[in-house]
1. Tell me, please, whether a residue that is farther than 29 Å from Arg54 by Cβ and open to solvent by less than 20 Å² (accessible area, probe 1.4 Å) can be found in the stretch 81-101.
2. Please find, among Val53, Val62, the residue that is touching a Pro at 6+ places or on another chain (Cβ under 9 Å) and either surrounded by 12 or more Cβ atoms within 10 Å (Cβ to Cβ) or of a type in the set (Ser, Thr, Tyr) (or both).
3. Among the candidates Lys36, Lys51, which residue alone is in a helix (DSSP H, G or I) and of a type outside the set (A, V, I, L, M, F, W, C)?
4. If Ala108 passes every condition in (1) of a type outside the set (S, T, N, Q); (2) in a helix (DSSP H, G or I); (3) open to solvent by 30 Å² or more (accessible area, probe 1.4 Å) but one, which one does it miss?
5. Of the residues Leu154, Leu101, which is at pLDDT 95 or above and closer than 28 Å to Asp86 by Cβ?
6. What tally of residues in the stretch 111-147 results from selecting those that are more than 10 Å from the chain's Cα centre (by Cα), surrounded by 14 or more Cβ atoms within 10 Å (Cβ to Cβ) and of a type in the set (A, V, I, L, M)?
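The values are calculated or read from the model by the stated rules, or taken from the named source; none is laboratory data. For clarity, every value in this text was computed on a predicted model and none was experimentally measured. All Cβ positions, even for glycine, are placed from backbone atoms using ideal geometry, and neighbour counts span all protein chains on display. Protein only, heavy atoms only, side chains kept; ligands, DNA and RNA dropped before computing areas. Shrake-Rupley method; radii C 1.70, N 1.55, O 1.52, S 1.80 Å.
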Amino acid sequence: PEAQLDRFMLNILIEYPKRDEEIQIVKSTTAEEEAKPNVVMDGSQILQVQKIVRRVPVSDHVLEYATDLVRGTRPESDEAPRFVKDWVEWGAGPRACQFLLFGAKARAFFRGRPHITTADVRAVAKPVMRHRVIVNYAAVSEGITSDEVVEKILESVPEPSQTVKA
């Protein structure tokens, strides 16, 4: 159900492997020898990274941008563009905004930056929102997907300037 999907931070689409990749997958997973994963991080290291990511600062203009993106997905909202009112049954809730910022923080952290930008928010928008924006029958009949709605939201919500408000 849609309400349960909202608990997941990301919905990442994975395509089928290429033929040679699939042969290798089948070959390696049906052989007698079992693959042994390499330890990259232990549990305490993962928790430490999570704490660091939470401390990555967010400028007000980035937070407002993420909020505007999410609010723009709600068909009953005055901020929603016409295409959202036409194609969306159910828009993203506050958890989407939280996960946009967490995802953007993690992206900045893993790229070695101490702050997030609107580009980081934009980069995680589809995987964060595609399962939170539920298209209606009109959209389905026109072949419109939630990814396309999110893309149009990204095109329609202007990125704010970084100027400080007085």
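1. yes
2. Values: Val53 fails: touching a Pro at 6+ places or on another chain (Cβ under 9 Å).
After ruling out the rest, the residue left standing is Val62.
3. Lys51
4. Every listed condition holds for Ala108 apart from (3).
5. Leu154
6. Total meeting the criteria: 6.
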